[in-house]
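Here the structure comes first, spelled out in structure tokens, and everything after it is commentary.
The values are calculated or read from the model by the stated rules, or taken from the named source; none is laboratory data. Given the structure is predicted, the values throughout are model-derived calculations rather than measurements. Every residue, glycine among them, receives a Cβ derived from its backbone with ideal geometry; neighbour counts consider all protein chains shown. Accessible surface areas use protein heavy atoms only, side chains included; no ligands, DNA or RNA. Shrake-Rupley method; radii C 1.70, N 1.55, O 1.52, S 1.80 Å.
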Amino acid sequence: GQKIAIIDTGIDYTHANFGGPGHTSDYDTAHADEASPASPALFPNAKVAGGYDLVGDAYDAGGSGAALTPHPDPNPLDCGGHGSHVAGTAAAFGMTAGGATFAGPYDANPATYSGLLVGPGTAPQALLYALRVFGCFGTTGLASQAIDWALDPNGDADLSDHLDVVNMSLGSSFGGVLSATAVAADNAALAGVIMVISAGNSGDTFFIGGSPA
């Protein structure tokens, strides 16, 4: 029942791991029309309950020219893969050997999961919200805006209905406590959101820890 925001490359809600039909053709059709609202038969669904694409496919904060301009839309379909990987670790249903969505039970018996093609996530009965801040390639400058969305998902300035958890498997190396994303993360934590953020994986050296973590 917990509501988890995945701030990343989006989530592939067509995948059986997230309750979708699991057919490549469904993903291809959805991605071909990614800038339009998703088919209501696919999104939102029982696992990916909401979200937003703040950027569009072509956005890259480290690029130049047109790539620097985000083109937001209501369809947070993943085209990079990383967000779906992270979301799967957090809360996916799991997938059977036959390619169908695993419907449980979710228990402590390892034998329950031994025949699965993909095991369930850490919290398979939680809801996911896909907040896409990356295009298909490159970097982002919109993580703070995604945190704001997680604080006010209904857009009514009532922060009492914020999401429960924000997961950010991203960051900029050699981060500081006064970076915009770090301040946004602090404010979200003060509002009661559990912030789960990667410390960084850019090497073994002093002070390599990233922002916003």
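Look at the Cα gyration tensor of segment 117-213: its axes a ≥ b ≥ c give a/c of at least 1.5 with a/b at or below b/c, and that counts as oblate.
Ranked highest first by average number of other Cβ atoms within 10 Å, how do 128-134, 116-122 line up?
Values: 128-134: 29.4, 116-122: 16.6.
Listed from highest to lowest mean packing, they are 128-134, 116-122.
For the pair residue 198 and residue 125, label points projected 7 Å from Cα toward Cβ lie 3.0 nm apart.
Magnitude of the charge dipole for segment 1-117, about its Cα centre and with charges confined to Cβ atoms of Lys, Arg (+1) and Asp, Glu (-1), is about 420 debye.
For segment 174-190, the residues whose amide N sits under 19 Å from a probe point set 7 Å from the Cα of residue 205 along the beta carbon direction are 174-177. Decide, for the chain, between rounded, prolate and oblate: order the square roots of the alpha carbon gyration tensor eigenvalues as a ≥ b ≥ c, take rounded if a/c falls under 1.5, and otherwise choose prolate if a/b is larger than b/c, else oblate. Prolate. Annotation: for a label point projected 7 angstrom from Cα along Cα→Cβ of residue 97, residues of segment 104-124 with backbone N closer than 11 Å are 114-117.
Can you order the peptides 150-162, 197-209 by their average number of other Cβ atoms within 10 Å per residue, highest first? Don't jump to the answer; show the numbers that get you there.
On the way: 150-162: 13.5, 197-209: 11.7.
Most protected by this proxy first, the peptides run 150-162, 197-209.
When shorter helices are ignored and each DSSP H run of at least 4 residues is given -39500 (n - 2.57), the per-residue value for the chain at 222 nm works out to -5500 deg cm²/dmol. In the chain, the portion of solvent-accessible area held by carbon and sulfur atoms comes to 59 percent [1.4 Å probe, whole percent, DNA, RNA and ligands not counted]. In plain terms, the chain from residue 183 to residue 2 could stretch by 62.8 nm, reckoned as 0.36 nm per residue minus the Cα-Cα distance.
Any idea of the accessible area per residue across the chain, 1.4 Å probe, to the nearest Å²? Numbers along the way, then the final one.
Values: 10170 Å² over 213 residues.
With all protein chains present, the chain gives 48 Å² per residue.
With the alpha-carbon atoms of segment 12-82 aligned to their principal axes, the span from lowest to highest coordinate is 37, 20, 20 Å, starting with the largest.
Here the calculated FRET efficiency for residue 173 and residue 111, from their Cβ-Cβ distance with R0 = 30 Å, stands at 0.10, rounded to the nearest 0.05.
Packing, as the average of other Cβ atoms within 10 Å across residues, places the peptides 94-107, 171-184 in the order 171-184, 94-107, highest first.
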